[in-house]
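The values are calculated or read from the model by the stated rules, or taken from the named source; none is laboratory data. All values reported here derive from a predicted model rather than from experimental measurement. Backbone-built Cβ (ideal geometry, glycine too); neighbour counts: all protein chains shown.
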Amino acid sequence: MYALSNVTKNYQKGRRTIPALRSLNLIIGDGEWLAVQGRTGHGKTTLLHILGGLDRPSTGSVTFAGHDLAQLREAQVTRLRAQAIGFVFQTFNLVPTLSAAENVESALIPLGTRSGERRRLVAAVLESVGLSDRARHLPSQLSGGQQQRVAIARALVKQPQVLLADEPTGNLDEDTRDEITALLEKLWRGLGLTLVLVTHDSAIAGRAQRVAIINKGRLSIRHDTRPAAN
């Protein structure tokens, strides 16, 4: 699924060069769940953005499904991201004036999916996250956990190959955190997704197959023996 080779990412701050990722090498297999941990500012979100084509490395290659994201034109990366990569963020990022169903449907419009098919896919994915009865509700009428379920549905409605989640439970209480984590694991197993999840929470990371630790831009892997998704 992913092969990262000698990836570095530098940012300029005035005359200073700030290294966010240093000589990073990583393989992520099809259907794998990888959790990424590390202190704030040590490169976790930078790695996720590079995996998702939202940012490009300063050096190195990022191969996703046979394509080097570092070498593709911006329009090609945008198209690949729209088709194959789903994102879930800590802050939900829902459009406040759109209903739950409309927020989910928005992910299909760039793909040119016909309206009838969009409605079918939206209904199916809202049911899969337990929100069939909230389809017409605005985000302000939903709890935090329900809003994150809508965000997960929006990420999955296009049937992506990979789901990238950046602190998806960071704004939730403990009980809701456990519900969302269980939902992500259920969807990962049921859909055969590749899941890369950034989290500060070791209880969540411990449910993944592998845990990557980023410290000052350098990555190390802790292996696990959990079975892959069916």
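Kindly indicate whether A100 is farther than 17 Å from V196 by Cβ and modelled with pLDDT of 95 or more. Judged against the criteria, A100 is a match. Do we have Q159 as surrounded by fewer than 18 Cβ atoms within 10 Å (Cβ to Cβ), on the phi < 0 side of the Ramachandran plot and without any contact (Cβ under 8 Å) to a residue 40 or more places away in the chain here? Taking the combined requirement at face value, the residue does not satisfy it. With respect to being in contact with a helix residue (DSSP H, G or I) (Cβ under 6 Å, 6 or more places away or on another chain), surrounded by 15 or more Cβ atoms within 10 Å (Cβ to Cβ), on the phi < 0 side of the Ramachandran plot and not polar (S, T, N, Q), A101 fits the description.
How about region 32-51: which of its residues are at pLDDT below 95 and small (G, A, S)? Scanning region 32-51 gives G38, G41, G43.
In this structure, is E167 modelled with pLDDT under 95 and either of a type in the set (A, V, I, L, M, F, W, C) or farther than 27 Å from L4 by Cα (or both)?
Considered against the rule, which asks whether it is modelled with pLDDT under 95 and either of a type in the set (A, V, I, L, M, F, W, C) or farther than 27 Å from L4 by Cα (or both), E167 comes out as no.
Of all residues in region 162-183, exactly one satisfies the criterion of being assigned to a helix (DSSP H, G or I) and in contact (Cβ under 8 Å) with a residue 40 or more places away in the chain, namely L183. Reported count of residues in region 194-206, each being closer than 15 Å to V162 by Cα and either at pLDDT below 95 or surrounded by fewer than 17 Cβ atoms within 10 Å (Cβ to Cβ) (or both), is 0.
How many residues are in a loop (DSSP other than H, G, I, E, B) and either basic (K, R) or without any contact (Cβ under 8 Å) to a residue 12 or more places away in the chain (or both) when one looks only at region 96-112? The number of residues fulfilling the criteria is 1.
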